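Peer 1: The structure is given below, and queries will be raised subsequently.
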Amino acid sequence: MSRSAHPAGPRHADVLPEGHYSAPPTDLNALDSKVWAETVTRDTDGVLTVGGIDVKRLAEEYGTPAYVLDEDDFRARARAWRTAFGSDADVFYAGKAFLSRAVVRWLDEEGLNLDVCSGGELATALSAGMSPDRIAFHGNNKSVAEIRRAVEAGVGRIVLDSFQEIVRVAHIAQELGTRQRVQIRITVGVEAHTHEFIATAHEDQKFGIPLAGGQAAEAVRRALKLDGLELIGIHSHIGSQIFDMSGFEVAAHRVVGLLKDIRDEHGVELPEIDLGGGLGIAYTSDDDPREPHEIAKALTEIVTRECEAARLTTPRISVEPGRAIVGPTAFTLYEVGTVKPLDGLRTYVSVDGGMSDNIRTALYDAEYSVSLASRVSDAEPMLCRVVGKHCESGDIVVKDAFLPGDLAPGDLIAVPATGAYCRSMASNYNHVLRPPVVAVRDGEARVIVRRETEEDLLRLDVG
Ligand code: LLP
């Protein structure tokens with residue numbers, strides 16, 4: 001992010017302190033279409049509205065903090081991915097980004113498949129009626145019970161992540177008298193340009209089986225020999241919040257290289273290739289994500305070209321976007337509690353949530369934007385840090401942002417692009433209750449995940 005020179009009129013700082021911020025926007029009331037969904041606008045009173053409902057009403061009815069999710073936007077993004085890849089490919093929504101039963105039903109209706117990575121996600125999918133053959137089951141340490149449940153349910157594919165798991169799944173499938181369709185997840189040795197904690201294709205980490213040293217080829221050899229397994233393809237996921245397509249290009253090249261080696265050694269052409277998820281979204285105005293149709297075109301071209309060169313029949317491609325579908329569809333609505341100006345530094349704006357509803361800033365140094373939501377203001381911009389209510393100084397929601405200088409307790413502020421990995425990574429730290437997810441559509445709002453209550457907390461405390 002660029003850093004500004006001294007911007008016009010910050011209220012509490014003559015010289016701006018170190019930080020990752022651009023110059024204050026000329027109009028603090030404007031909503032940047034990069035980070036705000038199209039359906040979010042301001043009404044004539046300046047109050048933010050989404051899907052035809054204003055946020056003051058939402059706050060009154062459902063309380064704050066709350067994740068406000070625009071169902072039409074979610075469906076439109078899911079559909080855009082589906083359409084972009086067409087009928088020759090499969091889109092598996094990555095449930096880890098955010099999963100609830102309503103989401104599963106929307107995906108089902110929009111023709112997407114689902115990637116789950118735990119027994120809990122599998123249970124959610126099945127309980128919402130997702131057809132098991134449209135579910136892929138991931139994870140580097142699936143338990144025996146989870147594998148058994150997935151095989152019994154008849155999931156469409158299990159993505160094998162280790163040598164031990166190859167044997168484990170084969171054994172369970174055989175015990176249950178079935179042949180499980182599987183893919184093998186490999187690491188292709190790509191350094192994805194993203195935060196270290198969310199990069200997954202380099203070799204020194206826990207996921208997948210390295211291509212290097214012939215390990216992936218050996219995994220294929222073993223899987224092909226086992227009666228309980230039907231090996232249908234190779235899987236690669238290079239990381240998350242990636243904008244640069246070159247990592248996918250290298251990954252596709254290496255995966256196709258393996259498919260070629262498999263054909264040469266075993267006389268088998270595996271019919272599927274999964275390139276994972278990881279496409280980035282805009283959290284701030286500085287991010288420029290690609291559209292699904294561009295991504296689909298690029299990935300399809302890469303795979304087709306590589307397969308032609310290797311004289312292989314082009315396999316069926318699948319992808320697993322999570323963030324790119326749900327991320328931009330929701331914002332978090334907070335009420336401002338205290339506003340604490342620190343002279344020469346910045347103003348600390350405390351909200352009624354924090355790292356328990358958005359751990360991403362603390363964990364990945366993620367950047368977010370924020371807007372005053374309950375009114376407009378002509379006050380001068382002030383440099384702020386939006387922080388939570390937790391007992392930890394790293395409890396930061398938005399590290400550096402400009403908000404109007406007249407911001408006051410009771411104002412509502414909204415942080416956009418919190419649909420992915422915020423509710424799904426939410427915690428009860430300090431026994432703070434996890435916020436609800438309120439879905440809006442056509443002027444109607446409904447809770448799809450309710451707010452946690454003290455009763456919920458105490459129910460688990462049986463000592
Ligand atoms: N497929 C696999 C095998 C994955 O491991 C993941 C994400 C995805 C697909 C979906 O990736 P997406 O399209 O959502 O980037 N908590 C982190 C992200 C962790 C991603 C883990 N795997 C964050 O908040 O940025």
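The values are calculated or read from the model by the stated rules, or taken from the named source; none is laboratory data. Note that the structure is a prediction, hence the values are computed from the model and not measured. Quick reminder, even Gly has a Cβ in these numbers, built from the backbone with ideal geometry, and neighbours come from all protein chains shown.
Peer 1: Quick one: which residue in Gly213, Gly189 is in a loop (DSSP other than H, G, I, E, B), in the same structural domain as Leu270 (by TED's automatic domain parsing), more than 16 Å from the ligand (Cβ to nearest atom) and not charged (D, E, K, R)?
Peer 2: After applying the criteria, what remains is Gly189.
Peer 1: Every residue in the range 288-316 that is more than 13 Å from the ligand (Cβ to nearest atom), part of a loop (DSSP other than H, G, I, E, B) and at negative phi, please.
Peer 2: Asp288, Glu291, Ala310, Leu312, Thr313, Thr314, Pro315
Peer 1: Scanning for something among the aliphatic types (A, V, I, L, M) and either modelled with pLDDT of 95 or more or in contact with a Cys (Cβ under 7 Å, 6 or more places away or on another chain) (or both), does the range 239-247 turn up at least one residue?
Peer 2: No, the range 239-247 contains no residue that is among the aliphatic types (A, V, I, L, M) and either modelled with pLDDT of 95 or more or in contact with a Cys (Cβ under 7 Å, 6 or more places away or on another chain) (or both).
Peer 1: Next up: Which of the residues spanning the range 75-131 are assigned to a loop (DSSP other than H, G, I, E, B) and of a type in the set (Ser, Thr, Tyr)? Reasoning before the result, please.
Peer 2: We begin by selecting, within the range 75-131, every residue assigned to a loop (DSSP other than H, G, I, E, B); these are 86-88, 95-100, 111-112, 117-118, 128-131.
Across the range 75-131, the qualifying residues are Ser87, Ser100, Ser118, Ser131.
Peer 1: Can Leu176 be described as farther than 17 Å from Ser236 by Cβ, within 16 Å of the ligand (Cβ to nearest atom) and not polar (S, T, N, Q)?
Peer 2: Answer is no for this residue.
Peer 1: Picking from Gly139, Gly129, which residue would you name as being over 22 Å from the mean Cα position of the chain (by Cα) and at positive phi?
Peer 2: Among Gly139, Gly129, only Gly129 is over 22 Å from the mean Cα position of the chain (by Cα) and at positive phi.
Peer 1: Next up: Is there any pair linking a residue in the range 59-80 that is within 16 Å of Glu320 (Cα to Cα) to one that is not in a helix (DSSP H, G or I), with Cβ under 7 Å and at least six apart or on different chains, and which?
Peer 2: Pairs that qualify, where the first residue is within 16 Å of Glu320 (Cα to Cα) and the partner is not in a helix (DSSP H, G or I), are Ala78/Tyr93; Ala78/Leu112.
Peer 1: Taking the range 340-387 on its own, how many of its residues are in contact with a Ser or Thr (Cβ under 6 Å, 6 or more places away or on another chain) and not polar (S, T, N, Q)?
Peer 2: Residues flagged as in contact with a Ser or Thr (Cβ under 6 Å, 6 or more places away or on another chain) and not polar (S, T, N, Q) within the range 340-387 amount to 6.
Peer 1: Hey, another quick one. With the requirement that a residue be free of Cβ contacts under 8 Å to residues at least 40 places away in the same chain, under 23 Å from Asp411 (Cα atoms) and not polar (S, T, N, Q), what does the range 322-365 give you?
Peer 2: Lys340, Tyr348
Peer 1: Any residue that is β-branched (Val, Ile, Thr) and either at positive phi or in a helix (DSSP H, G or I) (or both) - is there at least one of those in the range 245-252?
Peer 2: As a first pass, look at the range 245-252 and keep what is β-branched (Val, Ile, Thr): 250.
Filter once more, keeping what is either at positive phi or in a helix (DSSP H, G or I) (or both): 250.
So far as the range 245-252 goes, yes, one or more of its residues are β-branched (Val, Ile, Thr) and either at positive phi or in a helix (DSSP H, G or I) (or both).
Peer 1: Further question: Right, His237: under 21 Å from Val91 (Cβ atoms), assigned to a loop (DSSP other than H, G, I, E, B) and either within 16 Å of the ligand (Cβ to nearest atom) or in contact (Cβ under 8 Å) with a residue 40 or more places away in the chain (or both) or not? Spell out the reasoning first.
Peer 2: Numbers: under 21 Å from Val91 (Cβ atoms): yes; assigned to a loop (DSSP other than H, G, I, E, B): yes; either within 16 Å of the ligand (Cβ to nearest atom) or in contact (Cβ under 8 Å) with a residue 40 or more places away in the chain (or both): yes.
Yes.
Peer 1: For the range 279-287, does any single residue satisfy the condition of being assigned to a loop (DSSP other than H, G, I, E, B), away from the ligand (no atom under 16 Å from the Cβ) and in contact (Cβ under 8 Å) with a residue 24 or more places away in the chain?
Peer 2: There is at least one residue in the range 279-287 that is assigned to a loop (DSSP other than H, G, I, E, B), away from the ligand (no atom under 16 Å from the Cβ) and in contact (Cβ under 8 Å) with a residue 24 or more places away in the chain.
Peer 1: Another one. Quick check on my filter: what residues within the range 317-355 are surrounded by 24 or more Cβ atoms within 10 Å (Cβ to Cβ) and part of a loop (DSSP other than H, G, I, E, B)? Reasoning before the result, please.
Peer 2: Within the range 317-355, the subset surrounded by 24 or more Cβ atoms within 10 Å (Cβ to Cβ) is 319-334, 346, 349, 351, 353-355.
Within the range 317-355, Glu320, Pro321, Gly322, Gly353, Gly354, Met355 qualify.
Peer 1: Now, a different point. Going through Gly247, Gly277, Gly228, Gly213 one at a time, which residue ends up being of a type in the set (Gly, Ala, Ser), crowded, with 16+ Cβ neighbours inside 10 Å and over 30 Å from the mean Cα position of the chain (by Cα)?
Peer 2: Of Gly247, Gly277, Gly228, Gly213, the one residue that is of a type in the set (Gly, Ala, Ser), crowded, with 16+ Cβ neighbours inside 10 Å and over 30 Å from the mean Cα position of the chain (by Cα) is Gly228.
Here's the yes/no breakdown for (1) farther than 19 Å from Val370 by Cβ; (2) within 16 Å of the ligand (Cβ to nearest atom):
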residue	(1), (2)
Thr26	no, no
Leu69	no, yes
Asp72	yes, no
Phe85	yes, yes
Phe92	yes, yes
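Peer 1: Looking at Leu231, is it away from the ligand (no atom under 14 Å from the Cβ) and in contact with a helix residue (DSSP H, G or I) (Cβ under 7 Å, 6 or more places away or on another chain)?
Peer 2: Yes; evaluated as a whole, the condition is true for this residue.
Peer 1: Can you work out which of the residues in the range 415-433 that are surrounded by fewer than 21 Cβ atoms within 10 Å (Cβ to Cβ) and touching a residue at least 60 places away in the same chain (Cβ under 8 Å) is nearest to the ligand (Cβ to nearest atom)?
Peer 2: Filtering first and then ranking leaves Met425.
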